[in-house]
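Here the structure is laid out as structure tokens; the discussion comes afterwards.
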Amino acid sequence: MSVPVSPVEICVFAGDGIGPEIMTPTLEVLELARANAAGPPLNITEHPAGAGHYAATGEALPEASVAAAKAADAVLLSAMGLPGIRKPDGTEITPQIELRFRLGLYAGVRPVKVFPGQKTLLADPRAESIDFVLIRESTEGLFAHMNEGVVSDRDATETLRITRATSEKVFDFALHLARTRAKQRGRPARVTCVDKANVFRAFWFFRQIFEERAAAFPDIATDAAYVDAMAMWMVQRPWEFDVMVTENMFGDILSDLGAALLGSLGLAPSADIGDAAAVFQPCHGSAPDIAGQGIANPLAMILSAGMMCDWLAERRQDPRLGRMAKAIETAVASVLAEGRVLTADLGGSASTGAVAAAVRDRLG
């Protein structure tokens, strides 16, 4: 099969705080993986966005940066936002959320996977088999009107919005992903809808749409759970789940819980995917308290780059990108299994550069 020879256009946002510190070694890992796999050329261009850019210019996400993101094959984004830099209404600068709306990125993909030999916070030996994906609808729910909340001296009101069109897309995405995972892992697929349908009419609407779409996938086992119960089960028996799909705010919360199962947000990669674009970034924030110290964990950023390669491999029908994705994940897994070169959040004392160098060594 012939593969494309044109370069892969990657738009990079280095972000704020520790963002640039973890982006630089990630790009080095990405280039090494490309060279080893004789992969396609990567045309990487960096563009401004973030709280620091807002403080300097009054713009958090310039239109030229949005245009670059739309024109690229994929976007690689590091951490953004700084607690001390806020908009006049008191909210933080969040261009990463604005990008989801501007690019129509309705499917937030948050994998929670324990690699062989990796330590977790759970004593149960079954924790070694944790491997599920949380799909977070990323453009609706409580975030749909996040800049339109009404606040007075007496009360405050926010609006939750769920639409049939977007819900159908995100449910189909989750069901297709479960089917793909079943083929890869050789075990039955399962998708769990997480909601609060027992209290809110909007979530009953959400669940009804899920059940309608699930009927078109008779080969996939489906069920539903209330979000409070799911939070408990993610601690008690997370190894039982495969793919979960939920509303925006619930997904925001549960994805951090999933990262805690891994031991740190520094191991939690993510993607936000739409019909025509995708952004890949770590789940963690900009960690200004440790910025500039060279101790941030780069692994979530590196794993996000691997997810980008995997998505591009399917989109461009280029197996070389798939080999790059596999090599990056395998290298990270090896570093975690050995447990000798880890940052402080994982119980070690290694620097950002040392951990990234360890990943490059495994690639080499």
(Q) Pairs needed: first member in segment 80-91, farther than 21 Å from Pro282 by Cβ; second member anywhere, loosely packed, with under 14 Cβ neighbours inside 10 Å and of a type in the set (Phe, Trp, Tyr); C-beta distance under 8 Å; at least 6 residues apart or different chains. (A) none
(Q) If I filter segment 135-178 down to residues being surrounded by 14 or more Cβ atoms within 10 Å (Cβ to Cβ), out of contact with any helix residue (DSSP H, G or I) (no Cβ under 7 Å at 6 or more places or on another chain) and among the small types (Gly, Ala, Ser), which single residue comes out as nearest to Thr94 (Cα to Cα)? (A) Ala144
Q: Just one of (1) more than 24 Å from Glu140 (Cα to Cα); (2) in contact with a Pro (Cβ under 7 Å, 6 or more places away or on another chain) trips up Ala268, so point out which.
A: (1)
Q) Under the condition of being modelled with pLDDT under 90 and part of a loop (DSSP other than H, G, I, E, B), which residue from segment 133-151 is nearest to Pro269 (Cα to Cα)? A) Phe143
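A quick yes/no check of all residues on (1) assigned by TED's automatic domain parsing to the domain that holds Ala313; (2) touching a helix residue (DSSP H, G or I) at 6+ places or on another chain (Cβ under 6 Å); (3) hydrophobic (A, V, I, L, M, F, W, C); (4) under 30 Å from Ala354 (Cα atoms):
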site: Ser6; (1), (2), (3), (4): yes, no, no, no
site: Val12; (1), (2), (3), (4): yes, no, yes, yes
site: Gly15; (1), (2), (3), (4): yes, no, no, yes
site: Met23; (1), (2), (3), (4): yes, no, yes, yes
site: Ile85; (1), (2), (3), (4): yes, yes, yes, no
site: Ile93; (1), (2), (3), (4): yes, yes, yes, no
(Q) Return the residues of segment 249-274 that are crowded, with 20+ Cβ neighbours inside 10 Å, more than 13 Å from the chain's Cα centre (by Cα) and closer than 17 Å to Lys196 by Cβ; say none if nothing qualifies. (A) Phe250
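Quick grid of which residues meet (1) assigned to a strand (DSSP E or B); (2) farther than 22 Å from Ala358 by Cα; (3) in contact (Cβ under 8 Å) with a residue 24 or more places away in the chain:
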{"position": "Ala224", "(1), (2), (3)": "yes, yes, yes"}
{"position": "Leu257", "(1), (2), (3)": "no, yes, yes"}
{"position": "Leu261", "(1), (2), (3)": "no, yes, yes"}
{"position": "Gly294", "(1), (2), (3)": "no, no, yes"}
{"position": "Trp311", "(1), (2), (3)": "no, yes, yes"}
{"position": "Leu321", "(1), (2), (3)": "no, no, yes"}
Q. Got a number for residues in segment 275-289 being surrounded by fewer than 21 Cβ atoms within 10 Å (Cβ to Cβ) and either part of a strand (DSSP E or B) or free of Cβ contacts under 8 Å to residues at least 12 places away in the same chain (or both)?
A. 1
Q.
Could you check segment 330-353 and list, in sequence order, the residues that are surrounded by 18 or more Cβ atoms within 10 Å (Cβ to Cβ), part of a helix (DSSP H, G or I) and among the small types (Gly, Ala, Ser)?
A. Ala331, Ala333
Q | Check on Ala327, closer than 28 Å to His176 by Cβ, in a loop (DSSP other than H, G, I, E, B) and either of a type in the set (Phe, Trp, Tyr) or touching a residue at least 40 places away in the same chain (Cβ under 8 Å) (or both) | A | no
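Could you grab me the full set of residues in segment 121-132 that are part of a loop (DSSP other than H, G, I, E, B) and buried (at least 16 other Cβ atoms within 10 Å of the Cβ)?
Leu122, Ile130
Would you confirm whether any residue within segment 63-75 is at pLDDT below 95, surrounded by fewer than 23 Cβ atoms within 10 Å (Cβ to Cβ) and not hydrophobic (A, V, I, L, M, F, W, C)?
No, segment 63-75 contains no residue that is at pLDDT below 95, surrounded by fewer than 23 Cβ atoms within 10 Å (Cβ to Cβ) and not hydrophobic (A, V, I, L, M, F, W, C).
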Q. His47 versus (1) of a type outside the set (Asp, Glu); (2) within 14 Å of Val12 (Cα to Cα); (3) buried (at least 22 other Cβ atoms within 10 Å of the Cβ); (4) over 17 Å from the mean Cα position of the chain (by Cα): which is the lone unmet condition?
A. (3)
(Q) Six or more apart or on different chains, Cβ atoms under 9 Å: show the pairs whose first residue is in segment 20-37 and without any contact (Cβ under 8 Å) to a residue 60 or more places away in the chain and farther than 15 Å from Leu299 by Cα and whose second is of a type outside the set (Ser, Thr, Tyr) and not in a helix (DSSP H, G or I). (A) Glu31/Leu42; Glu31/Ile44
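The values are calculated or read from the model by the stated rules, or taken from the named source; none is laboratory data. Owing to the predicted nature of the structure, the values given are computational and were not obtained by experimental measurement. Note that each Cβ is placed from the backbone with ideal geometry, even for glycine, and that neighbours are counted across all protein chains shown.
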